Amino acid sequence: MRQAIVHIALVVRDYDEAIDFYVGKLGFELLDDTYQPAQDKRWVVVAPPGGAGTTLLLAKASKPEQVPFAGNQAGGRVFLFLNTDDFWRDYERLRGHGVHFVRDPKEENYGTVAVFADLYGNLWDLLQLRPDHPIAARLHVYRQSNDA
């Protein structure tokens with residue numbers, strides 16, 4: 001059996017400011033931006049460059065009770081984990097684009113990591129897993145199966 005989580009919905013306050021951050025600052029690819037007239041909303045999907053896995057669905061808060069969740073989807077914990085093949089290249093690039101890091105880079109037993117906040121305050125790990133880490137091996141197998 002093969003299954004995959006295709007999208008993770010990320011509550012945002014505004015589509016365009018979210019696109020500006022994720023595409024303009026993080027360097028993600030804009031995969032879809034389609035107006036849905038029946039629901040009067042947009043279907044906006046972004047993904048990290050070169051990624052073939054899960055994408056982010058930028059979901060604008062459409063009800064007052066959803067607004068407080070923009071920036072607090074994980075209750076203050078790190079919410080998303082952006083793995084890279086070159087930590088220092090991406091760390092310096094993100095800093096150069098004004099991305100705010102709330103925890104400095106650090107070597108851990110699983111790899112190199114730093115924590116940054118997105119435009120709403122959601123916390124992200126930027127990390128480069130060690131090659132022998134079980135998730136790194138899983139990512140490698142996943143990439144090979146998608147390249148085949």
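The values are calculated or read from the model by the stated rules, or taken from the named source; none is laboratory data. Model, not experiment: these values are computed from the prediction. So basically every Cβ, Gly included, is an ideal-geometry build from the backbone, and we count neighbours across all protein chains shown. Surface accessibility is based on the protein's heavy atoms, side chains included, excluding ligands, DNA and RNA. Shrake-Rupley method; radii C 1.70, N 1.55, O 1.52, S 1.80 Å.
So what is the relative contact order of the stretch 1-62, in percent, for Cα pairs below 8 Å that sit 6 or more residues apart?
42 percent.
For K60, which lysines qualify as cross-link partners when the Cα separation must be under 26 Å and same-chain residues fewer than eight apart are set aside? In chain and number order, the partners are K25, K41.
Relative to the Cα centre, what is the charge dipole magnitude of the stretch 11-104, using +1 at the beta carbon of each Lys and Arg, -1 at the beta carbon of each Asp and Glu, and rounding to the nearest 20 debye?
280 debye
In this label model, V102 and S62 are separated by 2.8 nm, measuring between points 7 Å along each Cα→Cβ vector. Surface calculation, 1.4 Å probe, protein heavy atoms: K63 sits at approximately 100 Å² accessible. Debye-formula intensities of the chain, expressed as log10 I(q)/I(0) at q = 0.09, 0.13, 0.21 Å⁻¹, are -0.30, -0.64, -1.46 (one equal scatterer per alpha-carbon, no solvent). Among 113-121, 82-90, 33-41, sorting by the average number of other beta carbon atoms lying within 10 angstrom of each residue, highest first, gives 113-121, 82-90, 33-41.
How much of the DSSP beta bridge set in the chain is antiparallel, as a percent to the nearest 5?
Once the DSSP bridges in the chain are tallied, antiparallel ones form about 70 percent.
Of the GluC sites (Glu not before Pro) found in the stretch 1-95, those that fall in a DSSP loop while having at most 12 other beta-carbon atoms within 10 Å are E65. Straight-distance candidates among the aspartates and glutamates for linking to K106, with alpha-carbon spacing under 20 Å and chain neighbours fewer than 8 residues away dropped: D85, D86, D90, E92, D118, D125, D132.
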